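Here's the structure, in structure tokens; my notes come after.
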Amino acid sequence: MKNLFPIAAVVAATLSLAACDSKTATTGEARTTPDAEAMGKTDSAKIDEAAPTSGTAAVAADEANAKPGPDPSTIPAAKAGDAAAIYARPQVPILCYHQIRDWTARDSKGAKDYIIPIAAFKAQIKMLADSGYHSIQPDQLYAYLTTGAKLPSKPVMLTFDDTDLDQFTIARPTLAQYGYKGVYFVMTVSLGRPHYMTKDMVKQLSDEGNQIGSHTWDHHNVKKYQGKDWETQIDKPTKTLEDITGKKIKYFAYPFGLWNTQAFPELKKRGFVAAFSLAEKRDQQDPLFTIRRIIASGYWSPRTLHNNMVQSF
Ligand SMILES: [Zn+2]
């Protein structure tokens with residue numbers, strides 16, 4: 001395990017073991033909606049019938065991904081649905097990854113939910129492609145949630161937290177193989193440190209059409225911020241990421257998936273348009289600031305991942 005934080009050793013320990021939360025993927029809303037079929041939820045039976053090669057899927061994914069969503073600032077408030085309308089839309093499956101590397105003897109049982117072996121990761125992504133999933137970006141999700149804009153068939157969002165280097169060396173080429181784009185929630189304290197991405201890598205991911213979002217400076221729990229913490233954990237990292245990418249930073253992922261309603265106005269006044277949590281229930285009054293994700297566990301086979309996607313969203 002990585003214990004290489006020169007400063008935030010305590011944070012590192014927490015991150016490695018429980019970077020997000022310890023809830024299982026299926027403890028969320030487990031909400032079934034009449035629209036389940038429209039979201040492709042009944043396609044799980046087809047998973048084993050997927051073509052052994054994914055060339056076709058890759059082409060289809062490329063085409064679907066060629067259309068980035070509109071910038072949220074171009075969507076007039078009058079056109080955006082209210083919280084109830086947003087909450088009522090079927091959720092899009094969103095996966096959350098951390099470290100992508102083979103397990104070592106030092107990895108604890110709990111840590112292995114957050115560390116996915118390379119072959120298992122590649123198998124999960126291949127399953128998505130073979131099953132006809134299309135990766136979507138946050139702008140597309142935002143337009144869908146607020147205005148009902150159309151999404152590609154079988155949408156999925158692939159998110160990567162905590163700035164780990166293997167997200168660049170392993171996830172980036174694996175996603176590219178299928179024409180997929182990812183969302184990288186960067187913790188800026190780690191940039192350039194051993195085993196973490198550099199600023200240049202983050203810029204390259206951004207330039208290649210992936211979304212860069214904020215995951216705070218050093219992973220402190222948003223629920224505990226007071227006074228200057230907002231500047232340290234949010235304002236400065238946003239500036240850093242905007243300087244690196246040359247783009248506005250609009251999306252946020254809560255460390256450990258933890259949030260409270262007091263955080264929403266703080267994030268909104270800083271220009272964030274949506275924030276991502278984990279498998280807990282959404283806030284009915286502010287579903288855009290509690291968009292659910294599940295951690296794609298290192299223990300999960302492609303089939304188990306798919307079952308969890310179908311059950312949790
Ligand atoms: Zn994290």
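Values quoted throughout were computed directly from the atomic coordinates according to the rules given, and no laboratory measurement underlies them. These numbers come from a predicted model, not from an experiment. With ideal geometry, Cβ positions are generated from the backbone for all residues, glycine too; neighbour counts draw on all protein chains shown.
Within the range 198-239, restricting attention to residues that are in a helix (DSSP H, G or I) and under 17 Å from the mean Cα position of the chain (by Cα), which residue is farthest from the ligand (Cβ to nearest atom)? Top of the filtered list is SER206. A single entry from VAL202, VAL189, VAL183 fulfils the requirement of being in contact (Cβ under 8 Å) with a residue 24 or more places away in the chain and farther than 24 Å from GLY69 by Cβ: VAL189.
Taking the criterion of being over 25 Å from HIS220 (Cβ atoms) and of a type in the set (S, T, N, Q), the residues of the range 148-200 that qualify are SER153, THR169, THR174, GLN177. Within the range 69-100, the set of residues being touching an Asp or Glu at 6+ places or on another chain (Cβ under 6 Å) and away from the ligand (no atom under 16 Å from the Cβ) comprises GLY69, PRO90.
Quick grid of which residues meet (1) within 16 Å of the ligand (Cβ to nearest atom); (2) over 18 Å from PRO90 (Cβ atoms); (3) touching a Leu at 6+ places or on another chain (Cβ under 6 Å); (4) among the polar types (S, T, N, Q):
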| residue | (1), (2), (3), (4) |
| --- | --- |
| LEU241 | yes, yes, no, no |
| GLY246 | no, yes, no, no |
| PRO255 | yes, yes, no, no |
| PHE272 | no, yes, no, no |
| LEU278 | yes, yes, no, no |
| ASP283 | no, no, no, no |
| LEU288 | no, no, no, no |
| ILE294 | yes, no, no, no |
| ASN307 | no, no, no, yes |
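Taking (1) touching a residue at least 40 places away in the same chain (Cβ under 8 Å); (2) within 16 Å of the ligand (Cβ to nearest atom) in turn, GLN177 satisfies each apart from (2). Scanning the range 139-163 for residues that are in contact (Cβ under 8 Å) with a residue 60 or more places away in the chain, within 15 Å of the ligand (Cβ to nearest atom) and touching a helix residue (DSSP H, G or I) at 6+ places or on another chain (Cβ under 8 Å) returns PHE160, ASP162.
Table: residues versus (1) free of Cβ contacts under 8 Å to residues at least 40 places away in the same chain; (2) charged (D, E, K, R); (3) within 23 Å of TRP217 (Cα to Cα); (4) part of a strand (DSSP E or B).
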{"site": "PHE256", "(1), (2), (3), (4)": "no, no, yes, no"}
{"site": "PRO265", "(1), (2), (3), (4)": "yes, no, yes, no"}
{"site": "LYS268", "(1), (2), (3), (4)": "yes, yes, yes, no"}
{"site": "LEU278", "(1), (2), (3), (4)": "no, no, yes, no"}
{"site": "LYS281", "(1), (2), (3), (4)": "no, yes, no, no"}
{"site": "GLN285", "(1), (2), (3), (4)": "no, no, no, no"}
{"site": "GLY298", "(1), (2), (3), (4)": "no, no, no, no"}
